[in-house]
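Structure first, then comments.
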């Protein structure tokens, strides 16, 4: 699911950036194309303008400074969109001569509209012409000295510019649209298949956590292979650290037990001496505390191991057979009911210790029968394994049930044991995120229900 979410985010990100980049590129290309079309159109108008200027500056002998035909029939057709106009600026009333195509109209003066001159001395801009035509106009002021100053202008229909620009934009949209689709399909393909190795790693890690695998297996691309190697190295290092911790815990246990045993033996040899009694009392407390903390350290070290899964039924069945042999002289019958196989998300020794303590405790107090039920159930925190141990013994009231789960508490000193069994079960179950509940069994005695995480 996470891999799919990552692929979707990458695809959406690539899509957005692709569209934005192509959109910006399209705007730039469209602008550059329009500028190129305008320059080409202006060069065409400039040819007509130079011809007009030449005819105004050097008219034929015996003629007025009246331009003749420019070799373009459009200047002769009324309102064709192609016009020229020459204005004598020195006359008391400006004299205007224009092409036949202007008919009775005229062209506006760009110099009156504060349009700046270019490097070649011409002004150029868009203006509104006759019949609301949109024109591209260029004009130039010609100073002939004593012969006066003239304003020469040529205009052409800008519809040609608009049509050529629109044609280019349509081609651009189709081309970029096709390119976007192709790029998106390519990106989707790359994201989908490029992330497959990461998806395999994710599934492999989930299998390791579930206990169905111990390492990342298989071949990975060169870009992903270092990640797989480092992950496997981390798993191996984790197991090695846990093994060292177990060894240190065991060594510490042995190192502390010997001095404590010597102290107990020396104090016992002195009988009822008050100092000896106090030493034995404090030594018992030290033994209990050492056992408690060593046990918790050992259990915490086990829980750091990744991917341990244990089948529950074989463990329970083996323990039931073992306890029947141990309590053979009392004739204790142990029934195991496990309709479906379930798996405990943890280590086998921990499960054996918890279930063994519960079954052993039930056999100690049972009259003749112990019942064990194993089943799986989905709870609010996920799948769980339920192990219910019932006996037909005397049972316990609420206060006694609370007392027996405390470390070292024993209700009957005639029964063998140290009083640590149920408290160890409680601590170990809590470390796995489970719990132990004591109640009344349907067959008359105590019910102990152990709930643990399931794989």
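Some values worked out for this structure:
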quantity	calculated
Check on residue 265, assigned to a helix (DSSP H, G or I) and surrounded by 15 or more Cβ atoms within 10 Å (Cβ to Cβ)	no
Search result, residues across segment 434-455 that are touching a strand residue (DSSP E or B) at 6+ places or on another chain (Cβ under 6 Å) and not in a strand (DSSP E or B)	434, 441, 443, 445, 455
Boolean, residue 186 is closer than 30 Å to residue 28 by Cα and not assigned by TED's automatic domain parsing to the domain that holds residue 77	yes
Test: residue 10 is farther than 15 Å from residue 175 by Cβ, at pLDDT below 95 and touching a helix residue (DSSP H, G or I) at 6+ places or on another chain (Cβ under 6 Å)	yes
Hey, residue 331 on the phi > 0 side of the Ramachandran plot and either surrounded by 19 or more Cβ atoms within 10 Å (Cβ to Cβ) or in contact with a strand residue (DSSP E or B) (Cβ under 9 Å, 6 or more places away or on another chain) (or both) or not	no
Unique residue being at pLDDT 70 or above, under 30 Å from residue 351 (Cβ atoms) and either over 21 Å from the mean Cα position of the chain (by Cα) or not assigned by TED's automatic domain parsing to the domain that holds residue 14 (or both) when the list is 268, 258, 247, 283	247
Selection count, segment 45-75, where residues are over 20 Å from residue 142 (Cβ atoms) and either under 60 Å from the mean Cα position of the chain (by Cα) or at pLDDT below 85 (or both)	3
Residue match in segment 173-191 (condition: in contact with a helix residue (DSSP H, G or I) (Cβ under 8 Å, 6 or more places away or on another chain) and without any contact (Cβ under 8 Å) to a residue 60 or more places away in the chain)	no
Hits in segment 388-433 (condition: touching a strand residue (DSSP E or B) at 6+ places or on another chain (Cβ under 7 Å), modelled with pLDDT of 80 or more and farther than 17 Å from residue 359 by Cβ)	432, 433
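The values are calculated or read from the model by the stated rules, or taken from the named source; none is laboratory data. Bear in mind that the values here come from a model prediction, so they are computed numbers and not experimental data. Here Cβ is always computed from backbone atoms with ideal geometry, including for glycine, and neighbour counts include all displayed protein chains.
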